[in-house]
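Peer 1: Questions regarding the structure given below will be posed in turn.
The values are calculated or read from the model by the stated rules, or taken from the named source; none is laboratory data. None of the values given here were measured: they were computed from a predicted structure. So basically every Cβ, Gly included, is an ideal-geometry build from the backbone, and we count neighbours across all protein chains shown. Ligands, DNA and RNA are stripped out before the accessible areas are found, and what is left, the full protein with its side chains, is counted by its heavy atoms. Shrake-Rupley method; radii C 1.70, N 1.55, O 1.52, S 1.80 Å.
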Amino acid sequence: MNVIAQSLGDPIWQIGGGIILLATLVLLLAVRSPEIHLSPWRQWLWTRVTGLLCFSLFLVLSAGVVLFHGANAASTVGPEATQPLAATASPRGGSSLSPTSLASPAPLPSPSPSPTPFPQLVPGPAQVLTTFCDAINRQDLKTAWGQYAQALQKERATSSPFFVRITIVHCRVDQASDTAATGYLLLKTIGPHGYTDDYERDFQFTLSVEERAWKIAQIARCLSDGCLDATTSVVP
């Protein structure tokens, strides 16, 4: 149900469906226009051919969007927890443990490893995200791309396809801290075909340390049931 709700709210499905609907209406009006001299039988035939073709395109678009969101939702499901092995029973119903194993002392618990300290670098994650937002708002794309990891900066030369590219036009820090590698920004974006609703949406930014500096490594779009990776489609 969540996959269907995400698909219905996807701007690609909304825009594509609107284009198909508009094209259907235009074609039907053209076929039945008195300026196009067609016999009643041919009008009947072309009306149904046009409707069937546009409906097929709509089904293909809808199936593609649903499969895309379904694949993203499936990739977020973690592996199943492993089940503990049951002890093997002896033929007489007792435990299969040998007397030697019963007599041996229990091994001492190994010391738990100390947690890795959080990297204290300047600027911290919060300052990196603030710098990114400031650069977006003043249309300084060089500084905005400079906050990305090297691997993502290399993808700048090969930008994502137009029909899935989402361009950031305004940015505001929602949650950010210099003691956490994850922050949340409120972004206004322009979708494919110039679609925009001037609405702020929540995006999760994950940072990593690269050459002794914090860099943006992943961007995820947050929905009601979680955040989906959108690193390759969301660009400054």
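Peer 1: Net charge near Gly146: determine it from the other residues with C-beta under 10 Å of the C-beta of Gly146, scoring Lys and Arg +1 and Asp and Glu -1.
Peer 2: On the way: positive: Lys142, Lys215; negative: Asp140.
Neighbour charge sum, excluding Gly146 itself: +1.
Peer 1: Still on this model: Considering only protein heavy atoms, what is the solvent-accessible area of Arg48 at a probe of 1.4 Å, reported in Å² to the nearest 10?
Peer 2: Rounded to the nearest 10, the figure is 120 Å².
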